[in-house]
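Let me begin by presenting the structure, written as structure tokens, before commenting on it.
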Amino acid sequence: MKSLAAAETMINGLVACLAESGLQARVHHPDRSDASAADPVLDIEIDGLSHRLRVELKSRWTSGLDAQLDRSVGDGSVAASILVLPRLDATRRAWLRERGINHADMTGVVYLRVRGLLIHVDGGSKRHWGAFALPQRTVNPFSKKASLVLRRFFQSPNDSHSVTALARETGIAVGWAWDVTSELIERGYISGTGEDLRLADAASVLAHWCNAYTWKKSKRRSFVVPYTKHELEVRLGEVWGPSSLSWALTLLSGAQRRVGHVMQDNVTFLYALPAVPAQLDRQLTGIHATEVAEPVPGTHTLCVLEPYYGHTALFGMAVSRGLPTVSDLQLFVDLAHYPVRGVETAVHLLHTSLGPYVGMTPTDIARVERSIS
């Protein structure tokens, strides 16, 4: 905590909050000239016994804080301390309680367990102690990195997920995973605590995601190829399949591969993410592709998209009938705004594959269908 004023506000607020619970506490700073030089100490009198707690003041939950706290639990030092932040959401509070970590925040939350005493106050006041309040980071759950969390829930919709596991499985920082899951809980998309989170409202996720994203955000290049649709797919499997190029079918081509229903013979759509531009050029040469500004009548067109979501767009992709295809989730949000039979195909995917897989009811499916129609 770099700001002396902020530190003083937080520690004085904690003392006042403890007083409301009937506890008298005194604060000692190792160096009165610089409260940030060392952690202040809190002395609490209970039944004639003095309990001394180190007060760990944090301006925000950083990516390494959970690991630091787990180490403190392991060595036993956590019992002689209390963690104080401007705001702790319900998920983080549950995570701390499960580990027996004393904590408080500036909305009046207090969890304190010492010998002979347990205080547990949920707080939740919208008014912070004093004038100091940490600006909250805005989280868009459909952004490039944050969307990985929702993609993981849709990948295993019936499983329970912990925040730390979500961070590990998606490759994002634990602190950011906390922020994202807190936003998802706030919106009602998921429910539970930090160790037991579950997908709760897939229908709202899909409807809101389609409002926030369109396939047109991806950059597009068009190529004519000397093949029919079927011949091109065979050639892609032969030439692109063994390469290290990251790619997958999407839009109508992906839907045809996943659930049938749509026959479109003149365009093949795919995402491609080359490590370097020359890698894609080599693969295009291998299928005799010629770049064009517009589709040429009487020829087959290959539409190569550079995904707006980057590698995140390929999260959860699978091999479908021999070729890589984006996940049903990515396929759905891509199709929702595609002009040629896109909505129709998205609805078919929703009814036959995506909706049943994530446990949506007929009412849920109808709600999503209305939102994109």
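Before we move on, is Phe223 at pLDDT 95 or above and over 19 Å from Leu335 (Cβ atoms)? Spelling it out, Phe223 is indeed at pLDDT 95 or above and over 19 Å from Leu335 (Cβ atoms). Just one of the listed residues (Leu236, Leu251, Leu232) is under 24 Å from the mean Cα position of the chain (by Cα) and either over 25 Å from Thr325 (Cα atoms) or in contact (Cβ under 8 Å) with a residue 12 or more places away in the chain (or both), and it is Leu251. The set of residues in the range 313-342 that are in a helix (DSSP H, G or I) and under 26 Å from the mean Cα position of the chain (by Cα) comprises Ala313, Leu314, Asp328, Leu329, Gln330, Leu331, Phe332, Val333, Asp334, Leu335.
Going by the conditions given, is Phe132 surrounded by 15 or more Cβ atoms within 10 Å (Cβ to Cβ) and modelled with pLDDT of 95 or more? No.
Taken over the range 80-106, residues that are small (Gly, Ala, Ser) and in a helix (DSSP H, G or I) amount to 3.
Taking the range 55-79 as the range and being within 19 Å of Arg113 (Cα to Cα) and either part of a loop (DSSP other than H, G, I, E, B) or in contact with a strand residue (DSSP E or B) (Cβ under 6 Å, 6 or more places away or on another chain) (or both) as the test, the residues that pass are Val55, Glu56, Leu57, Gly76. Applying the set (1) within 15 Å of the chain's Cα centre (by Cα); (2) part of a strand (DSSP E or B); (3) within 30 Å of Leu252 (Cβ to Cβ) to Ser191 leaves exactly one unmet item: (3).
When the residues of the range 254-294 are filtered to those that are in a loop (DSSP other than H, G, I, E, B) and without any contact (Cβ under 8 Å) to a residue 40 or more places away in the chain, the one that is farthest from Leu349 (Cα to Cα) is Val276.
Being closer than 28 Å to Ile185 by Cα, in contact with a Lys or Arg (Cβ under 8 Å, 6 or more places away or on another chain), at pLDDT 85 or above and surrounded by 14 or more Cβ atoms within 10 Å (Cβ to Cβ): is that true of Leu57 here? In short, no.
Scoring Val27 on the criteria (1) assigned to a loop (DSSP other than H, G, I, E, B); (2) in contact with a helix residue (DSSP H, G or I) (Cβ under 6 Å, 6 or more places away or on another chain); (3) at pLDDT 70 or above leaves a single failure, condition (1). Considering the range 323-348, and only residues there that are modelled with pLDDT under 95 and among the charged types (D, E, K, R), the residue that is farthest from Ile365 (Cα to Cα) turns out to be Arg341. Whether a residue is at pLDDT 85 or above, farther than 29 Å from His351 by Cβ and in a helix (DSSP H, G or I) was assessed, and Ala177 passes this test. Residues that are out of contact with any strand residue (DSSP E or B) (no Cβ under 7 Å at 6 or more places or on another chain) and surrounded by 13 or more Cβ atoms within 10 Å (Cβ to Cβ) were ranked within the range 254-280; the one that is nearest to Leu335 (Cα to Cα) is Ala255. Candidates in the range 150-165 are the residues that are assigned to a loop (DSSP other than H, G, I, E, B) and in contact (Cβ under 8 Å) with a residue 40 or more places away in the chain; of these, the one that is surrounded by the most Cβ atoms within 10 Å (Cβ to Cβ) is Pro157.
To keep it simple, each residue is scored yes or no on (1) buried (at least 16 other Cβ atoms within 10 Å of the Cβ); (2) not in a loop (DSSP other than H, G, I, E, B).
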| residue | (1), (2) |
| --- | --- |
| Asn140 | no, no |
| Leu148 | yes, yes |
| Ala167 | yes, yes |
| Thr181 | yes, yes |
| Glu186 | no, yes |
| Arg198 | no, yes |
| Ala203 | yes, yes |
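Based on what the data block shows, is Thr301 assigned to a helix (DSSP H, G or I) and hydroxyl-bearing (Ser, Thr, Tyr)? So Thr301 fails the test.
The values are calculated or read from the model by the stated rules, or taken from the named source; none is laboratory data. Model, not experiment: these values are computed from the prediction. Ideal geometry is used to build each Cβ from the backbone, glycine not excepted, and the neighbour counts take in all protein chains shown.
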